[in-house]
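Down below is the structure, laid out as structure tokens.
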Amino acid sequence: MNLNVESTPRSAVLVPPPLRLIDDTGHAVADSENGGFALPPVQTLLGLYRQMVVARRFDVQVTALTRQGRLATYPSALGQEACEIAAVAALSPQDWLFPTYRDSIALLTRGVEPTDILASFRGDWHSGYDYQQHRIAPQATPLATQALHAVGLATAAKLKRDDTVALTLLGDGATSEGDAHEAFNFAAVWQAPVVFVVQNNQFAISVPLDKQMACRTIADKAIGYGMPGYYVDGNDVAAMYAVVSAAVDRARSGGGPTLIEGLTYRMEAHTNSDDPTRYRKTADVDVWRGRDPIERLEKYLVSQGALSDAERADIAAAAEALAATTRECMTEQAVVDPLELFEHVYATPRTALAEQRAFLATELEGDAAASGSMSKESNR
């Protein structure tokens, strides 16, 4: 038997155009091209526009603070606003969001304060916000682990007959992980009310998609798991909102999971320690810069008479106010108690951990006493 079968490289496979409702020039697409999805109301789109503008200003401000050394690291989502904002906007208050480390603007849009979002990137806390209050799980740094957590919560909600939907954000690189496969498979087998939104920014950290998979699209994989899959223009917030909203409604009504791939592009580096010029061309970045999700929606809203100069100025002012708040909270010195390390490890304190805590407390008291003596000497 000859098993030496040549496979067709992904680069040679004809990839279908992604589903879109507003094209790159800001015009609504024809009904024959919209995949059966209706364009959201203009007022809804205006709200999404405001959220994207504010989120981008936050992202740009945080990137600047990172370059100034005020944060240890920050993964920018510049260029990916449509995917994240649409996903959050489609959720109801009782739903849960399972984000990655790159999804800070999704947290911001769901109501988390800047100082709480940035606590982990600053090194103050692993996560600075209340999960239950915001219905947001910790931002996951390990790839795809949050997808399994989302399936677990969604399955529990189904067993409890809660009308809760779990939505998890992933990157294209995360779909190469075994955890993603397990999450997709069990979500479909258990018909869990969960929505998987893959932000395909095409490079993971530095590996292009055609070196990660051979199929046409990530969305194509959905059929193998037994759930619907949608390949969407991730820079078209109208299309992303329409598709994600339908998937959330489907999950809530007992229809099971959906896999949504948003084709987008990461304009900034993977993190502040990355050099993207080593693995992608400047010309390609320039092409995607011309597909900016905010500019696209702005053109459409202006054509509909929905975005006045006064409205635009009001949105810009709100964005600048948030940027100022973000700068101020990062200027303040964080008060960190080293003994907090021991507070959330076990529900019932273990003897060994209690001994370690006591040892550190004694050491800290000694340091404080020594510091006080030195201060008195210097003032004489």
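Under the condition of being closer than 12 Å to Val197 by Cα and part of a helix (DSSP H, G or I), the residues counted in segment 233-269 number 7. For segment 129-153, filtering for residues that are within 15 Å of Ala180 (Cβ to Cβ) and either of a type outside the set (Val, Ile, Thr) or in contact with a Lys or Arg (Cβ under 7 Å, 6 or more places away or on another chain) (or both) leaves 10. Among the candidates Glu261, Glu298, Glu328, the residue that is among the acidic types (Asp, Glu), at pLDDT 95 or above and more than 22 Å from the chain's Cα centre (by Cα) is uniquely Glu298.
Within segment 280-317, the set of residues being surrounded by fewer than 13 Cβ atoms within 10 Å (Cβ to Cβ) and of a type in the set (A, V, I, L, M, F, W, C) comprises Ala283, Val287, Ala310, Ala313, Ala317. Taking the criterion of being within 19 Å of the chain's Cα centre (by Cα), among the aromatic types (Phe, Trp, Tyr) and either in a loop (DSSP other than H, G, I, E, B) or more than 30 Å from Ser273 (Cβ to Cβ) (or both), the residues of segment 191-232 that qualify are Phe203, Tyr230, Tyr231.
If you go through segment 176-190 and pick out every residue that is of a type in the set (S, T, N, Q) and either in contact with a strand residue (DSSP E or B) (Cβ under 6 Å, 6 or more places away or on another chain) or surrounded by fewer than 17 Cβ atoms within 10 Å (Cβ to Cβ) (or both), you end up with 1. The set of residues from segment 186-201 being closer than 18 Å to Tyr101 by Cβ and in contact with a Phe, Trp or Tyr (Cβ under 8 Å, 6 or more places away or on another chain) comprises Phe196, Asn201. If you go through segment 175-213 and pick out every residue that is over 24 Å from Ala106 (Cβ atoms) and acidic (Asp, Glu), you end up with 1.
Quick grid of which residues meet (1) of a type in the set (Gly, Ala, Ser); (2) at pLDDT 95 or above; (3) assigned to a helix (DSSP H, G or I); (4) out of contact with any Asp or Glu (no Cβ under 8 Å at 6 or more places or on another chain):
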residue: Asp286; (1), (2), (3), (4): no, no, yes, yes
residue: Ile294; (1), (2), (3), (4): no, yes, yes, no
residue: Val335; (1), (2), (3), (4): no, no, no, yes
residue: Val345; (1), (2), (3), (4): no, no, no, yes
residue: Glu365; (1), (2), (3), (4): no, no, yes, yes
residue: Ala369; (1), (2), (3), (4): yes, no, yes, yes
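If you go through segment 255-282 and keep only what is under 26 Å from Ala239 (Cβ atoms) and of a type in the set (Gly, Ala, Ser), you end up with Gly255, Gly256, Gly262.
Hey, among Ala306, Ala323, Ala310, which residue is within 25 Å of the chain's Cα centre (by Cα) and either at pLDDT 95 or above or not in a helix (DSSP H, G or I) (or both)?
Details: Ala306 fails: within 25 Å of the chain's Cα centre (by Cα); Ala310 fails: within 25 Å of the chain's Cα centre (by Cα).
Answer to the check: Ala323.
Go through (1) more than 23 Å from Asp116 (Cβ to Cβ); (2) in contact with a helix residue (DSSP H, G or I) (Cβ under 8 Å, 6 or more places away or on another chain) for Val345 and report which single condition fails. Result: Val345 passes all but (1).
Being touching a helix residue (DSSP H, G or I) at 6+ places or on another chain (Cβ under 6 Å), assigned to a loop (DSSP other than H, G, I, E, B) and either modelled with pLDDT of 95 or more or farther than 19 Å from Gln94 by Cβ (or both): is that true of Leu148 here? No.
Residues checked against (1) polar (S, T, N, Q); (2) without any contact (Cβ under 8 Å) to a residue 40 or more places away in the chain; (3) out of contact with any Leu (no Cβ under 8 Å at 6 or more places or on another chain):
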residue	(1), (2), (3)
Val285	no, yes, yes
Pro293	no, no, yes
Tyr300	no, no, no
Ser303	yes, no, yes
Leu307	no, no, no
Ala310	no, yes, yes
Ala323	no, no, yes
Val335	no, yes, yes
Leu339	no, yes, no
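In this structure, is Ile218 among the β-branched types (Val, Ile, Thr) and without any contact (Cβ under 8 Å) to a residue 24 or more places away in the chain? Taking the combined requirement at face value, the residue does not satisfy it. Within segment 176-234, the set of residues being among the acidic types (Asp, Glu), at pLDDT 95 or above and under 26 Å from Thr141 (Cβ atoms) comprises Glu177, Asp179, Glu182. Under the condition of being at pLDDT below 95, at negative phi and not in a helix (DSSP H, G or I), which residue from segment 28-73 is farthest from the chain's Cα centre (by Cα)? Per the stated criteria, the residue is Ala30.
Report yes if Gln133 is polar (S, T, N, Q) and surrounded by fewer than 23 Cβ atoms within 10 Å (Cβ to Cβ), otherwise no. Yes. Among the residues of this structure, Thr168 does not count as one that is outside any loop (DSSP other than H, G, I, E, B), under 28 Å from Lys221 (Cβ atoms) and without any contact (Cβ under 8 Å) to a residue 40 or more places away in the chain. Taking segment 83-141 on its own, how many of its residues are touching a His at 6+ places or on another chain (Cβ under 7 Å) and either of a type in the set (D, E, K, R) or assigned by TED's automatic domain parsing to the domain that holds Glu343 (or both)? Count: 1.
The values are calculated or read from the model by the stated rules, or taken from the named source; none is laboratory data. Since the structure is predicted, the reported quantities are computational estimates derived from the model, not experimental observations. Positions of Cβ are backbone-derived with ideal geometry, glycine not excepted, and every protein chain shown enters the neighbour counts.
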